[in-house]
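A.B. asks: Handing you this structure, nothing more for now.
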Amino acid sequence: MSNIPKCMKAGENTVIEAGAVIGKNVVIGHNTVILKGIKIGDDVEIGANCVLGIEPRQSGRMRKINKSNKDLVIGNGTKIGNTVSIYTNTVIGENVFIADHVSIRENVSIGKGTVIGRAAIIELNTVIGKNCTVQTLAYVTGDTILEDNVFIGPCVSMSNDKYMGAREYTLKGPVIKKGAKIGNNASLLPGITIGEGSIVGAGSVVTKDVSNNEVVAGVPARKIK
Amino acid sequence: MSNIPKCMKAGENTVIEAGAVIGKNVVIGHNTVILKGIKIGDDVEIGANCVLGIEPRQSGRMRKINKSNKDLVIGNGTKIGNTVSIYTNTVIGENVFIADHVSIRENVSIGKGTVIGRAAIIELNTVIGKNCTVQTLAYVTGDTILEDNVFIGPCVSMSNDKYMGAREYTLKGPVIKKGAKIGNNASLLPGITIGEGSIVGAGSVVTKDVSNNEVVAGVPARKIK
Amino acid sequence: MSNIPKCMKAGENTVIEAGAVIGKNVVIGHNTVILKGIKIGDDVEIGANCVLGIEPRQSGRMRKINKSNKDLVIGNGTKIGNTVSIYTNTVIGENVFIADHVSIRENVSIGKGTVIGRAAIIELNTVIGKNCTVQTLAYVTGDTILEDNVFIGPCVSMSNDKYMGAREYTLKGPVIKKGAKIGNNASLLPGITIGEGSIVGAGSVVTKDVSNNEVVAGVPARKIK
């Protein structure tokens with residue numbers, strides 16, 4: 001474990017596999033598991049009972065996963081809570097905050113300064129910009145784009161599969177443009193775009209694209225004054 | 001621990017209680033806890049930080065739990081992710097895929113080839129058929145039946161208690177027939193039946209039975225063309 | 001660790017930091033982490049893989065957190081499941097039941113006899129009364145009040161931020177009065193009051209106050225007969 005500097009502070013029962021690369025002044029909580037495919041920056045804090053650097057697994061009935069040899073990269077100054085799981089081939093920027101019980105899949109990127117709320121889930125192939133807020137228990141599906149400064153309320157739900165497994169279909173999640181805000185427990189359908197600066201009301205079901213700077217609400221969501 | 005074959009590969013800090021029965025070529029991740037009431041088949045893979053074989057606990061205000069001495073049984077070739085918890089007296093078929101952060105209660109059965117998405121929750125006394133998909137963060141309540149090839153979208157919510165704790169009532173979750181598909185974040189009320197091959201739109205609230213091969217959507221859900 | 005009586009039963013790989021105070025006849029599961037800021041009463045049962053006594057962390061983009069030196073206090077006879085995380089400066093009453101995968105923040109109080117369902121999340125500064133039921137995957141936001149005997153259905157979502165991070169605003173969650181019942185997957189907006197004994201239908205979006213003893217449903221929720 002030559003890649004681990006002496007200034008690291010690790011808890012009890014921490015498992016750090018050979019191959020992990022760990023920066024300066026890193027703090028790792030008790031019982032956390034650091035798997036081999038990981039590069040942790042300086043001044044990163046990680047809570048207890050996490051599993052970081054997970055390799056994708058597959059079942060016969062799931063879409064094929066591209067295995068890569070790329071590491072999980074965690075930027076300087078990022079803070080990760082307790083009981084968090086994160087996969088390989090994902091890049092987390094600097095000064096990101098990831099709360100407890102979060103799960104983040106492979107081939108994801110998360111921009112500088114973004115906050116991911118507790119128990120939120122980020123699926124594979126998703127790009128999240130800078131200074132976004134993804135609130136507690138929100139579900140950001142795979143193949144989704146959140147531009148910078150997006151706000152995703154608590155318990156927001158997204159989908160990327162128009163045919164719910166019934167046909168061959170290129171999965172496509174929502175595209176949420178700069179500064180848009182999605183209210184709590186709203187449902188977003190596959191492939192829709194939410195325009196820059198737009199607002200989606202709590203509990204809305206968004207079935208088609210929303211232009212820039214619009215406010216929509218209801219089931220299905222319609223423009224409101 | 002005479003029930004553990006030599007070909008098992010266990011991680012660091014794994015706890016395996018005496019009484020656990022473990023098949024051939026099983027892989028168990030770091031810090032995972034295997035309690036005593038468990039029978040694990042051959043070629044099973046289990047991630048890190050899981051707790052498997054939990055005995056039901058009870059509070060005075062919850063309905064009475066039937067304690068049984070039956071084990072948790074995990075079929076050959078099944079894959080279980082990280083930070084998963086599963087109770088005793090539950091039977092998981094062959095080649096099932098259970099993602100990270102899932103929780104499965106006692107007296108549940110899950111058929112061959114089914115996929116349970118990350119952080120989904122399966123409550124007690126529920127029967128799930130073969131080749132079903134239960135997506136991320138879906139909530140499958142207690143006393144529920146999912147027949148074969150059912151698709152439950154992300155964040156779907158179900159209930160089994162019509163009176164929300166107010167009266168004595170035999171709890172009854174939904175019955176979802178073969179091949180039915182439930183869109184993301186839909187809400188299903190207690191005891192309703194969703195017919196074979198039917199589709200429920202995202203964000204719908206289903207308050208009464210849906211016939212076979214119908215498409216319903218809205219709040220409350222109505223038949224659409 | 002002079003504060004730990006001999007009658008405690010701790011699992012393997014349990015971490016108990018110096019400073020923790022632990023009552024009589026306490027049972028703690030394998031791989032659980034008990035941090036220093038905690039006072040555990042008598043006859044408390046705690047499952048495996050928990051993290052208890054977490055100190056709040058902060059990112060630059062989040063609201064300022066008042067660090068306190070107050071402990072997490074767990075009342076006599078309370079039962080805590082597996083993979084649970086709870087913060088310091090929170091008081092949990094006697095005979096409370098906290099299911100698996102639950103997360104509870106700092107400055108929360110939970111009254112005697114209340115049941116918190118699996119994977120439910122209770123955010124900071126929230127007060128929950130006696131004999132309440134918070135069902136599975138429910139999200140109780142910060143700055144919320146649940147009076148005694150309240151029922152929160154599965155997957156209920158709440159918000160406390162009217163402007164979704166857009167302006168300075170004193171965060172205020174819902175106030176839910178005695179004996180009110182909220183159906184599964186309902187969405188509650190910031191600062192609304194649900195009157196005593198009122199019922200909110202499943203999947204409803206509650207945008208304004210509900211008087212005592214009313215039944216409301218729909219999007220937006222309206223009084224029904």
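The values are calculated or read from the model by the stated rules, or taken from the named source; none is laboratory data. Just so it is clear, the structure is predicted and the values come from calculations on it, not from any experiment. Note that each Cβ is placed from the backbone with ideal geometry, even for glycine, and that neighbours are counted across all protein chains shown. Heads up: the accessible areas ignore ligands, DNA and RNA and are worked out on the full protein's heavy atoms, side chains in. Shrake-Rupley method; radii C 1.70, N 1.55, O 1.52, S 1.80 Å.
A.B. asks: On each of the three principal axes of the Cα atoms of the stretch B:145-225, give max minus min coordinate, whole Å, ordered largest first.
C.D. replies: 38, 26, 22
A.B. asks: To continue, here is another question. In whole percent, what relative contact order does the stretch B:1-98 give with Cα contacts below 8 Å and a gap of six or more residues?
C.D. replies: Relative contact order of the stretch B:1-98: 23 percent.
A.B. asks: What residue among C:CYS132, C:ALA180, C:GLY19 has its Cα farthest toward the positive end of the dipole of chain C, where the charges are +1 on Lys, Arg and -1 on Asp, Glu, each on the Cβ?
C.D. replies: Farthest towards the positive pole: C:ALA180.
A.B. asks: Write down the percent of antiparallel bridges among all DSSP beta bridges whose residues are both part of the protein assembly as shown, to the nearest 5.
C.D. replies: Of those bridges, close to 5 percent are antiparallel.
A.B. asks: Hey, another quick one. Using a 1.4 angstrom probe on heavy atoms only, work out the carbon and sulfur share of the accessible area of chain B in %.
C.D. replies: 48 percent
A.B. asks: Right, here's the next one. Show me B:83-90, A:14-21 ranked by packing, highest mean number of other Cβ atoms within 10 Å first.
C.D. replies: Result, highest mean Cβ count within 10 Å first: B:83-90, A:14-21.
A.B. asks: Percent of alpha carbon pairs in the stretch C:84-127 separated by more than 17 Å?
C.D. replies: Counting every Cα pair in the stretch C:84-127, those more than 17 Å apart make up 19 percent.
A.B. asks: Quote the relative contact order of chain B in percent (integer), defining contacts as alpha-carbon pairs under 8 Å separated by 6+ residues.
C.D. replies: Relative contact order here is 9 percent.
A.B. asks: Give the separation of the Cα centroids, the stretch A:191-225 to the stretch C:1-24, in Å.
C.D. replies: Here the answer is 53 Å between Cα centres.
A.B. asks: Kindly provide log₁₀ I(q)/I(0) values, in the same order as q = 0.17, 0.19, 0.23 Å⁻¹, from the Debye equation applied to equal alpha-carbon scatterers of the stretch A:69-190.
C.D. replies: So the normalised log intensities are -0.77, -0.96, -1.38.
A.B. asks: Let's see if you can work this out: charge +1 on each Lys and Arg Cβ, -1 on each Asp and Glu Cβ, no other charges. What is the dipole magnitude of chain C about its Cα centre, in debye to the nearest 20?
C.D. replies: 460 debye
A.B. asks: Let me ask another. Suppose R0 equals 25 Å. What FRET efficiency, 1/(1 + (r/R0)^6) with r the Cβ-Cβ distance, do C:SER68 and C:GLU12 give to the nearest 0.05?
C.D. replies: 0.15
A.B. asks: In units of 2.2 N^0.38 Å, what is the alpha-carbon radius of gyration of chain C?
C.D. replies: Relative to the rule-of-thumb radius for its length, chain C sits at 1.06.
A.B. asks: Of the options B:LEU146, B:ASN95, B:THR193, report the single residue whose Cα projects farthest towards the positive end of the charge dipole of the stretch B:92-225 (beta-carbon charges: Lys, Arg +1; Asp, Glu -1).
C.D. replies: Of the listed residues, the answer is B:THR193.
A.B. asks: When the Cα centres of the stretch B:163-180 and the stretch C:67-135 are compared, how far apart do they sit, in Å?
C.D. replies: Using only Cα atoms, the two centres lie 28 Å from each other.
A.B. asks: Take peptide B:25-31, look around each residue's Cβ out to 10 angstrom, count Cβ atoms belonging to other protein chains, and average those counts.
C.D. replies: The shielding value for this peptide is 4.
A.B. asks: Using 0.36 nm times the number of residues separating C:ARG222 and C:ASN131, minus their current alpha carbon distance, what extension gain do you get?
C.D. replies: Full extension from C:ARG222 to C:ASN131 adds 30.0 nm.
A.B. asks: On to the next question. Distance check, please: which entries in A:LYS79/C:LYS172; B:LYS39/B:LYS172; A:LYS178/C:LYS70; A:LYS24/C:LYS36; A:LYS9/B:LYS36; A:LYS178/C:LYS181 exceed 31 angstrom between their Cα atoms?
C.D. replies: The pairs that break the limit, which is 31 Å between Cα atoms, are A:LYS178/C:LYS70; A:LYS9/B:LYS36; A:LYS178/C:LYS181.
A.B. asks: Tell me, what HN-Hα J-couplings in whole Hz come from the Karplus equation 6.51 cos²θ - 1.76 cosθ + 1.60 at θ = phi - 60° for each residue of the stretch A:154-163, using x for Gly and Pro?
C.D. replies: x, 6, 4, 10, 10, 9, 10, 9, 4, 9
A.B. asks: Taking only Cα atoms of the protein assembly as shown, what ratio of Rg to Rh do you get with Rh as the Kirkwood inverse-distance radius?
C.D. replies: With Rg and the Kirkwood Rh in hand, the quotient comes to 0.93.
A.B. asks: About the Cα centre of the stretch B:145-225, what is the dipole size in debye to 20, counting +1 per Lys and Arg Cβ and -1 per Asp and Glu Cβ, all else neutral?
C.D. replies: So the dipole magnitude of the stretch B:145-225 works out to roughly 260 debye.
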